1. Determine the relative contact order of region A:227-280: mean sequence separation of Cα pairs under 8 Å and six or more apart, normalised by residue count, in whole percent.
2. List, in the order given, every pair from A:K6/A:K231; A:K198/A:K231; A:K84/A:K279; A:K231/A:K496 whose Cα-Cα distance in the structure shown is over 25 Å.
3. Pop out the ³J(HN,Hα) list for region A:612-624 in order, Karplus 6.51 cos²θ - 1.76 cosθ + 1.60 with θ = phi - 60°, rounded to Hz; leave Gly and Pro as x.
4. Want the number for A:R2 to A:E137: 0.36 nm per residue separation, take away the alpha-carbon distance, what's left?
5. Once you put a point 7 Å from the Cα of A:K496 and another 7 Å from the Cα of A:D89, both along the Cβ direction, what distance in nm separates them?
6. Rounded to the nearest 20 debye, what is the charge dipole size of region A:476-599 about its Cα centre when +1 sits on each Lys and Arg Cβ and -1 on each Asp and Glu Cβ?
7. With no solvent and one equal point scatterer per Cα, compute the Debye intensity ratio I(q)/I(0) for region A:33-133 at 0.13, 0.19 Å⁻¹ and report its log10, rounded to two decimals.
8. For region A:276-324, report the % of Cα-Cα distances exceeding 15 Å.
Amino acid sequence: MRLQAKIPEGPLEQKWTRYKAAAKLINPANRAKYKIIVVGTGLAGSSCAASMAELGFQVEVFSFHDSPRRAHSVAAQGGVNAAKDYKNDGDSVWRMFHDTLKGGDFRAREANVYRLAECSASLIDQAVAQGVPFAREYGGYLSNRSFGGVQVSRTFYARGQTGQQLLQGAYQSLMRQSGLGKLKLHTRHEMLDLLLHKGRASGIVCRNLDNGSIESFEADAVVLATGGYGKIYYLSTLAMNCNATAIWRAHKKGAGFAAPSWTQFHPTSLPQMGSHQSKLTLMSESLRNDGRIWVPKAKNDQRLPGTIPEEERDYYLERRYPSYGNLAPRDIASRAALDRIEKGYGVGPMQNAVYLDFKDALEKHGRETIRQRYGNLFGMYQKITGINAYEQPMLIAPAAHFSMGGLWVDYGLMSNLEGLFVLGEANFSDHGANRLGANSLLQACVDGYFIAPHSLMDFLARSGAIEITAERQSNAQASKAQIEDQLQSLLSIKGKTSAEEFHQALGKILYEKCGLRRERENLEHALKEIEALRERFYQDLMIPGTAKEINFELEKAGRLADYIDLGALIVQDALQREESCGAHFREEHQTEEGEARRNDADFQYVSVWEYLKPLTYQLHAEPLTFDAVQPSQRSYK
Amino acid sequence: MELKLKIWRQNSPEEKGSFKEYQRSDFDPAMSIPEMLDHLNLHLMRAGERPISFESDCREGICGQCGFMINGQAHGPEKGSTACQTHLRSFKDGDTLWLEPFRARAFPLKRDLMVDRSAFDDIIAVGGFISVDTGPAPEANSILIAHQTAEDAFDAAACIGCGACVAACPNASASLFTAAKLNHLALLPQGKIEAQERVLQMVEAMDLKGFGACSLIGACELVCPQGISLDNIAKMNGAYRKANWGF
C-alpha cells in the first residue's frame, strides 16, 4: 500500500492556493464526457454532487434513504465554525488552525487543518447566498457563539438546527441540478461493492432496497460521502441506519482505513434511561455556553438538585480546567464526567449522569433570552425526559458520537485507490484524535463545496475517462453474483438471534472495553469476545423473508456483518497505539493528574490499516511532521 | 404495560391490506413508538411472521423519516412531536392503538406503514432553492437581515418534510409544505428576486403531483411537528395571486 499525502510545497499559507493553481482543468464542453458517482447525500455528498453537476460533469447520486434530505447531517445542532473574526476577539485563520490542531492532540496534518480554517469564511458566505437563515443580531449582522476548546466566538448557528439548515441548502442545490436534468438521483439504493478497473475505482454495485435487485453502475471516479460509524457502539447519538458498509467494502477492495479507534464521545448526550432504548439523543454543546456542569460533592447524594446548596456542589470542569471551564474540549469533558460517575457521584435514576444547570444563566439573562438561544433544545429535552430544564438542571452523560477515523485520503481527498475520493466524516483527515465542536459541519461542507471540485477535476483531467470494455462488464457481473451469494448465505443461516440483538452485544463490548478508556488486558478480552460474537453471528443470525423484496432485517444484517469486522479492527488499533491522544485514552499512559500522555517519539503518525483477510490487517504509517507549530502537551487548565 | 395494537398490514401496493391485531403486555412506558415496533417485530420474527415495515432513522424528530397515523392522528397525540418522539407514557395501560400509513394519492403505499414521499422532492426540484451556484460568494455580512426576519425565515425553514400535513388534510394538500419553503426563501433578500417565478412553479408542481387543493381547514398546522404556521399558506396564496394577476 502506497501512502503519498501529496501535500503541496511552500509555506502553510500558500499550499492550497498553489494546489489550485497547479490543478488541471477540463474544457467545459468536454466535462460531460466524464461520469462521477457520489454515494451519500449528507452535507459532503450533496455539496459535492451539486458542485460537480454545476461544472457540467455527469453525476449520479446514491442514497439508501427515501429522500436525500434525511441524511444524518440533518441532526447536527449547535453550529458551524468560521474564522470571520466578526467579534474582534482575536480570531484569525491562524488561531482557528491552531485551536483545531491542538484540539486534535497533534494527530492531524498541518496542511489539511490550515486549509479547513482558510476555507471556513467562504463557506459562511456561500451558505448565506443559498438562503441559510443563520441567527442575526438586531442590527442585521450575523451572530456568533462559543464552542468547546476555544476562547473566541466563531460559531455560526441557526437556533439548535444548524445541520438541518445547512443540509437544506445543500439539498436544495442538489435538487436544483436534479430538476435541470444535470444529475441523476437514485434513492433507496445501498452501495454493497466497489468496482475496480486496473486498480482504479470504476463503479459501484448497489442493492435496490425497494425490490431487492442488484444493479451495477460504471463511472470514471467514485466519491464516498457516507458518514461516520459511531453507531457501531449501538447506543449512540447517530441515526439508526448510520453504517460503515460503503467504506468497509471499499476497504476490503484495498482502501486503507486510518485511525479506526478514534471515536469521539460527546459529553452532553442524554443518559441511558431504560433497557429498550435504541439511541441516545444529543444535547448541543452550545448549551455549555450558559450551562454549568456539576455533581454533588457527596457520593450517592439522593437529594433533589435544587435542594443541594452551592457549597455542596462540585463544578468539576471549572475546578479542574479554570481557564476553559465548562467549555473544555469534548474528550476531556467526557472523561471528566465518566470519572465522576464511576467514582459514585453520578446523578439521575440510574446514577449514570451529571447535571447541566442553567440556574445562573436564567437569573442573569432571563428566561426569554435563554428560550431564544436554546428553546428547541429545552423542548426536545422535555419531550424525551418529561423534565422542564427551566426549572431543574438537565441530566447529561457521554455517548458515542463522531468517528475521527475513516478511509485514508491524500491532500486532494483521494484514497490510496486511484479515483476513489472520500469526503466528510467518512474520511480521517482533519480532526486528528479529537474533533472540536462545530467543525464537522464545516469539514463536510468544505470537502464537498471547495476541495473536491478542484481535486476531482484535476484527477479526471490527468487520468482521462475509462473506456467501457467487455472486461469491465464481466467484472461488474462477477461482483453482482458475489453480492447475491453473500446475501443468500446470510439468509440461509436461519438462526434465532436478530441483527439488532447482535448489534447490542457488539456495542456493549465496545463501550465497556474500547470506549472512553482503554487498557491492554481489557482490549485483548474484547478482541476475543468479538471473534466469538462473529462466529455466533454466522451460525445463529435470524433474517425473515427473501432478498427480492423490502427487507429491513437483511439490510441491518449486512451492515452488522461489516460492523463486527470493523469492531475487531477498532480494538486492534486501540491495542497497537501505546499512548494516549485525544479520544484515545490508554489507562497505561496518563500523567499523575490523570491527563492523556502522548508519545510523540514513537507514535507521531497516522495508523493506516490494510485489509488482508477477515480479522487480519497489516499496519502502515503516515508520519506526521509539524513545521508551523511544535506539538506541546495539551493544557486547558 | 399492556397495549392492543391494530396495525395496517399490506404486502405490496397491488395486494389488499387490512388491520391486524397484536396484543402484548411487556411494553415499557419509556419506549418510543418505533422502539415499541422494534420490540413487537422481534417477537413476530421469532414466531415466524413477517415483521412490520416502517421507516425511522434519527429517532430525535429531525430527519422526517418516521411518520404514520396513530389513532387517526399523524404522528400521534403529542403536539409538536414526531412518532419517534412519542413515548408509550402518552397512553394508558390497556389502551388500543390504531397504526396506519399516511394516506394520499401523491404518497403511494409501499408496504405496511411505508409510503413513497418523493413527490416532495419533486416540488423542491422545480423551484425550492435560490439559483446560486456553489463556491465563493459575496461577504456574508454584506446582506443585512433583520433579527426578526431571520427568525421568521427560520420558522418556515424548520420543515422536516415528513408529510404529516398531507396526511392530516382531508384534501391531501401539500400546501403547508410548499408554502413553508416559499416563505423561507421569499422572506430573505437573496431569495426575493425569484419569488414570483418560484411560487408559480412550485404550486404547479404540487398540483401535477396529485396533491389536493387547500381549503384552509388547518389540520396541517395542528399536526406539524415543527409547528409551522398556517399563515404561510395565506402568504403563498397572496403571492400566487400577485404573480398570476398582478394584484
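1. 44
2. Violating the 25 Å Cα-Cα cut-off are A:K6/A:K231; A:K198/A:K231; A:K84/A:K279.
3. Couplings: 9, 7, x, 6, 10, 9, 10, 8, 10, 10, 10, x, 9 Hz.
4. Values: separation 135, 0.36 × 135 = 48.60 nm, distance 5.03 nm.
Result: 43.6 nm gained on full extension.
5. In this crude label model, A:K496 to A:D89 measures out at 5.9 nm.
6. 320
7. -0.64, -1.10
8. I get 59 percent for the Cα pairs in region A:276-324 exceeding 15 Å.
Where a number appears in this text, it was derived from the coordinates with a stated rule and is not lab data. The structure presented is a predicted model; accordingly, all values stated were derived computationally and were not measured. Every residue, glycine as well, gets a Cβ built from its backbone with ideal geometry; the counts of neighbours run over all protein chains shown.
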